[in-house]
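*Asks:* Before anything else, here's the structure in question.
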Amino acid sequence: MIELDRLTKRYGTTVAVDQLTCTVQPGVVTGFLGPNGAGKSTTMRMMLGLDRPTAGDVRIDGEHYDRLRDPLNHIGALLEAKAVHPGRTAYNHLTVLAQSNGIPQKRVPEVLDLVGLGSVAKKRPKGFSLGMGQRLGIASALLGDPKILMFDEPVNGLDPEGIHWIRNLMKYLASEGKTVFVSSHLMSEMALTAEHLIVIGRGRLLADTSMREFIKENSRSYVRLRTPEPERMRDVLATAGLTPVATEDGALEVDSVESDRLGELAAEHGLVLHELSPQQASLEEAFMQLTAEAVQYHAHGTGKGA
């Protein structure tokens, strides 16, 4: 478990993290989201003792990170995959980490095989692709078989097979009762992986809720229908107190009603339906809606002619 209590970090007059209070629970994959400049990286660095808080507190299973004996046995993290000595082999890199944290040597080949690097264990990371570097970083995080795992952009550089693998790995680790905390800008991937979300903007907590509730509370849900008699359908809906919105392709969108009810209304009035489909916004749409006022860096224009 990771506990943040009014965690704050200032750089001069700039507030990077602003009294952030939340708990990352074991047993679920928790996604950590926020626009660029929201304070995610600073928060994760403070969790690992790499940055010192200006105020507030952060604890790893009830202890400050710098008081953990053999920290890799408690928390494993991937923040920067290329943070390895380029001339040291993958095997030796993990061996040094194992020896400094009291981890049995046999664990080194185990995690190399687990992340798919067994065949290149004796090669130097300076020749690794971005995806291979990510796998080595994940191996480092898994080395001590910790109860807490933290990943920053874990799918960066991975091919489709690798993305599928890390997604299933994180879910499996959570199912074992481990705390899994993952930050990513890839909303489509986060939607497939995370069960709970912590969202920040400009250093402040914006949401701490389940994936399902987050999308429900921060997006529009509606039913889309198509009929060869749209005007009659409009009249039927108006009589029922519903206001449809016409789309460019001739369909109607209706808020605040179940699709079953719309189907029953059409049947009662002898209306043929060619489409009746509930529409739920994506995680990306919900995220954009919630963080619209918290975006620090805005792009302008389409880039045409650049």
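The values are calculated or read from the model by the stated rules, or taken from the named source; none is laboratory data. None of the values given here were measured: they were computed from a predicted structure. Reconstructed Cβ throughout: ideal geometry from the backbone, glycine too, with neighbour counts over all protein chains shown.
*Asks:* Any idea which of (1) more than 17 Å from the chain's Cα centre (by Cα); (2) farther than 18 Å from L78 by Cα; (3) aliphatic (A, V, I, L, M) is the one A38 doesn't satisfy?
*Replies:* (1)
*Asks:* Among the residues of region 94-131, write down those that are closer than 14 Å to V84 by Cα and modelled with pLDDT under 90.
*Replies:* Of everything in region 94-131, those that are closer than 14 Å to V84 by Cα and modelled with pLDDT under 90 turn out to be P125, K126, G127, F128, S129, L130.
*Asks:* Only one residue in L205, L192 is assigned by TED's automatic domain parsing to the domain that holds V15, closer than 30 Å to S175 by Cβ and in contact with a strand residue (DSSP E or B) (Cβ under 9 Å, 6 or more places away or on another chain). Which one?
*Replies:* Result of the check over L205, L192: L205.
*Asks:* What tally of residues in region 146-201 results from selecting those that are surrounded by 21 or more Cβ atoms within 10 Å (Cβ to Cβ) and of a type in the set (S, T, Y)?
*Replies:* Adding up the residues that qualify gives 3.
*Asks:* Among L206, L271, which is touching a Ser or Thr at 6+ places or on another chain (Cβ under 7 Å), modelled with pLDDT of 90 or more and within 30 Å of T13 (Cα to Cα)?
*Replies:* When all the criteria are applied, what remains is L206.
*Asks:* Tally the residues that are free of Cβ contacts under 8 Å to residues at least 24 places away in the same chain, surrounded by fewer than 12 Cβ atoms within 10 Å (Cβ to Cβ) and part of a loop (DSSP other than H, G, I, E, B), restricting the search to region 49-74.
*Replies:* Here the count works out to 3.
*Asks:* Somewhere in region 96-108, is a residue of a type in the set (D, E, K, R), crowded, with 17+ Cβ neighbours inside 10 Å, in contact with a Leu (Cβ under 9 Å, 6 or more places away or on another chain) and not in a strand (DSSP E or B)?
*Replies:* yes
*Asks:* When you scan region 183-224, how many residues do you find that are within 25 Å of D255 (Cβ to Cβ), in contact (Cβ under 8 Å) with a residue 60 or more places away in the chain and under 15 Å from the mean Cα position of the chain (by Cα)?
*Replies:* Total meeting the criteria: 10.
*Asks:* Further question on the same structure: Restricting the search to region 112-145, which residues are under 14 Å from Y91 (Cβ atoms), of a type in the set (S, T, Y) and surrounded by fewer than 16 Cβ atoms within 10 Å (Cβ to Cβ)?
*Replies:* Across region 112-145, the qualifying residue is only S119.
*Asks:* For region 1-45, please list each of the strands (runs of 3 or more DSSP E) lying entirely inside it that holds at least 1 residues being modelled with pLDDT of 95 or more, touching a Gly at 6+ places or on another chain (Cβ under 8 Å) and surrounded by fewer than 21 Cβ atoms within 10 Å (Cβ to Cβ). Steps first, answer last, please.
*Replies:* Details: elements: 2-11, 14-24, 29-33.
Once the strands (runs of 3 or more DSSP E) in region 1-45 are filtered for at least 1 residues that are modelled with pLDDT of 95 or more, touching a Gly at 6+ places or on another chain (Cβ under 8 Å) and surrounded by fewer than 21 Cβ atoms within 10 Å (Cβ to Cβ), what remains is 2-11, 14-24.
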